[in-house]
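Enquirer: My structure is below; once you've seen it, I'll send some questions.
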Amino acid sequence: MAQQESLEFRTEVQQLLNILANSLYTEREIFLRELISNSSDALHRIQFEMLTNRDVLDPDAELAVRIDFDEEARTLTVSDTGIGMTCEELIENLGTIAHSGAMTFLKELEEGQRPADIIGQFGVGFYSVFMVADEVTVTTRSYKPEARAWRWTSRGDSHFTIAPADKETRGTTVEIKLKEDAAEFASAWRLEQIVKKHSDYVSFPIYVRDKVVNRQTALWRKSPQEVTEEEYEDFYRQLTLDFEKPLLHVHLVTDVPVDIHSILYVPRKRERGFTRLPDEYGLRLYSKKILIQERNQDLLPEHLRFVEGVVDSEDLPLNISRETVQSSRAIRQIRKALTGRVVKALRSLAEERPDDYRVFWDEFGLFIKHGVTTDPTARDGLLPLLRFYTSRSGDELVSLADYVGRMAEGQEVIYYLLGSDRAAVESSPHLDYFRAHDLEVLYLLDPLDGFMIQSLGEYEGKRFQNVDDPELELPEEAAEAEEGEEAAERLSADEFAALAGRFKEVLGERITEVRESKVLSGSPCRLVSPEAGPGRDLDRVRRWLEQDFEVPAMILELNPRHPLIRNLAHLVAEQPGDPLIGAVIEQLYENLLLLDGLHPNPSQMVPRIQRLLEAAVRR
Ligand code: ADP
């Protein structure tokens, strides 16, 4: 291309430009954060390139960002000695949106968020400059010795132009003609203020005119005693753009067995409403203060992927390629150290700040369970982090150690109950016996809990025992005491047999057997697994994952002392043709599925409930 050429922006860019240019937004200053961040990326990239390649333009240029302005002319320039762009790169990078943050931003807008509320939380990127600019010119020259310089210009409408330019030095200069109402940005103190606020920890010097204004310290290289709480929080905000404070930080400085300087954070929320896609996790990895990877995923196990932060080590070879990072011995040692420290910090959080731990558990508990289930080497460290509701916990959460610590005398196993929500399991018939005898039962409410309990098997020598086990061993005398009280009101063996026969007739294949319960007191009936195998712990996972999940056939246990069962037996004896009998049996069965978290489609029950209600009102 020898002459100037005019090109059209992609549709999404036009859309974004429109919004940015017209938004009355008080924090317009973030445009500078975005430009500096682009420059810093470009500087990191040339620094990385030069580790292995000295054949670049201006190899000795200082790696820095320079900001200059002209108050009279209302202009501002931001330049860097970064990697620069070729003509193709310029068109590709500043004509389309490849950038995920900007796309998420547009999506949030479609969902009705106001731009002013969310711009600051997004890395909206280069185009945010049009919040303050009438016209922008980008002049850039790639590091490749044979490349030439190019100029990109736009007024933020639907077009930009590209033309060859004169620029002797490597890097990129962004020239901004400020809007009339954005004159404030052509001022030294204002620019310094913005740089300090948003870009203080950028690791290259940022000059406003000839003065370096950012602190540029690698905070992680300081000793933890020298760093204030506020500095940790500032650094977190600049690193993640999360405006909420993190739940905790870990600052690790050590040199044996491997050199590590690292600051890690546990955020407060999983979804932080900005730039990140689900697989965009990982830590910033530096080697001797040079950024070698933006998001390294090998420094922590997958179940700790919610952790944010930076890691720097002297023991990584500088020319380590992104591919060999994974297999490096130093990385494995670092991973071990970081993992241990994070888990330890979480344990302290649980002990020292239970309210914050609860926030953590609600957001990230699933990750911990995932680790317990899938990573046997991590298990022991993670077990103390698990929390459950139980039949005695109320709104508190209970650890396995709490549970075991208060087990009843003679209790040998840890009882658990699977279900899909707390309200449902609270009224589960399985709890009758345990309530009556003050035995605590863990509630397992996440679909994955079944997997987890299967893979655990036991805790401190105590087996996990599902309360719907067919052969649940329970002390005899307890059941007898209840019998004494109500023996007079029991069904006769014949009455019971007739009723059981009727249940079997109505429910058919759905149940394997109807039998009398030894454990029920307040509830009319319950479902019991025909065998104590692992299958049913996984049924809830299957119900959750499989569209055509079929409820497995189970044993139905009836409580012959319960008034509903007694009356139903009398009805069967006296008016066997009453259509209500079938409806009641069906409904009792489905109630149990619902309480056990196994009902495939609860709303199907409504017509029958309606019929039962009509019958009840008629009487
Ligand atoms: P993002 O930086 O999030 O990718 P931007 O819209 O800010 O999105 O920038 C788009 C691309 O333009 C960048 O990814 C980068 O490749 C290129 N770019 C922007 N500014 C510079 C710069 N100062 N030096 C080199 N490349 C740049």
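Bear in mind that the values in this text are calculations on the coordinates, not laboratory data. These numbers come from a predicted model, not from an experiment. All Cβ positions, even for glycine, are placed from backbone atoms using ideal geometry, and neighbour counts span all protein chains on display.
Enquirer: Pull out the extension gain between residue 169 and residue 531, defined as 0.36 nm times the separation in residues minus the alpha carbon to alpha carbon distance; nm, one decimal.
Expert: 122.6 nm
Enquirer: Moving on. Across the stretch 464-471, in residue order, what do the Karplus-derived ³J(HN,Hα) couplings come to in whole Hz, using 6.51 cos²θ - 1.76 cosθ + 1.60 with θ = phi - 60° and x for Gly and Pro?
Expert: Result, ordered by residue: 8, 10, 5, 6, 9, 4, x, 9 Hz.
Enquirer: If you average the alpha carbon positions of the stretch 494-524 and of the stretch 282-316, how far apart do those two centres end up, in angstrom?
Expert: 60 Å
Enquirer: Sorting check: for 76-84, 223-231, 453-461, which peptide has the highest mean count of neighbouring beta carbons within 10 Å, and how do the rest follow?
Expert: Highest-to-lowest ranking by the protection proxy: 76-84, 453-461, 223-231.
Enquirer: While we're on this one: Identify, among 562, 282, 373, the residue whose Cα sits farthest towards the positive end of the charge dipole of the chain, taking +1 on the Cβ of Lys and Arg and -1 on the Cβ of Asp and Glu, with the dipole about the Cα centre.
Expert: 282
Enquirer: Okay, next question. Within 10 Å of each residue's Cβ, count the other Cβ atoms and sort 355, 537 from fewest upward.
Expert: Listing 355, 537 from fewest to most nearby Cβ atoms yields 355, 537.
Enquirer: In Å, the Kirkwood hydrodynamic radius of the stretch 5-212 over pairs of distinct alpha carbons?
Expert: 17.4 Å
Enquirer: Here is a further query. Enumerate by residue number the trypsin sites (Lys or Arg not before Pro) in the stretch 505-600 meeting two conditions: DSSP loop (anything except H, G, I, E, B), and at most 16 other Cβ atoms within 10 Å of the site's Cβ.
Expert: Loop-located and lightly packed - 518.
Enquirer: Tell me, 361, 189 in order of fewest to most beta-carbon neighbours within 10 Å?
Expert: The fewest-first ordering by Cβ neighbours comes to 189, 361.
Enquirer: If you place +1 on the Cβ of every Lys and Arg, -1 on the Cβ of every Asp and Glu, and leave all else neutral, what size is the dipole of the chain about its Cα centre, to the nearest 20 Debye?
Expert: Roughly 1440 debye, rounded to the nearest 20.
Enquirer: Determine, from the Cβ-Cβ distance of residue 223 and residue 553 and an R0 of 45 Å, the FRET efficiency 1/(1 + (r/R0)^6), rounded to the nearest 0.05.
Expert: Once rounded, the FRET efficiency stands at 0.10.
Enquirer: Can I ask one more? In the chain, which whole DSSP H runs stretch at least 24 Å along their own axis (Cα) and average -0.5 or higher on the Kyte-Doolittle scale?
Expert: Qualifying helices, which must be both long enough and hydrophobic enough, are 30-50, 329-352, 354-374.
Enquirer: If each residue of separation counts as 0.36 nm, what is the full-extension length gain between residue 396 and residue 427 once their alpha-carbon separation is subtracted?
Expert: 9.3 nm
Enquirer: First measure r as the distance between the Cβ atoms of residue 604 and residue 515, then evaluate 1/(1 + (r/R0)^6) with R0 = 22 Å and state the FRET efficiency to the nearest 0.05.
Expert: 0.25
Enquirer: Quick check: residue separation of residue 463 and residue 196 times 0.36 nm, minus the Cα distance between them. What number comes out in nm?
Expert: Gain on stretching residue 463 to residue 196: 90.4 nm.
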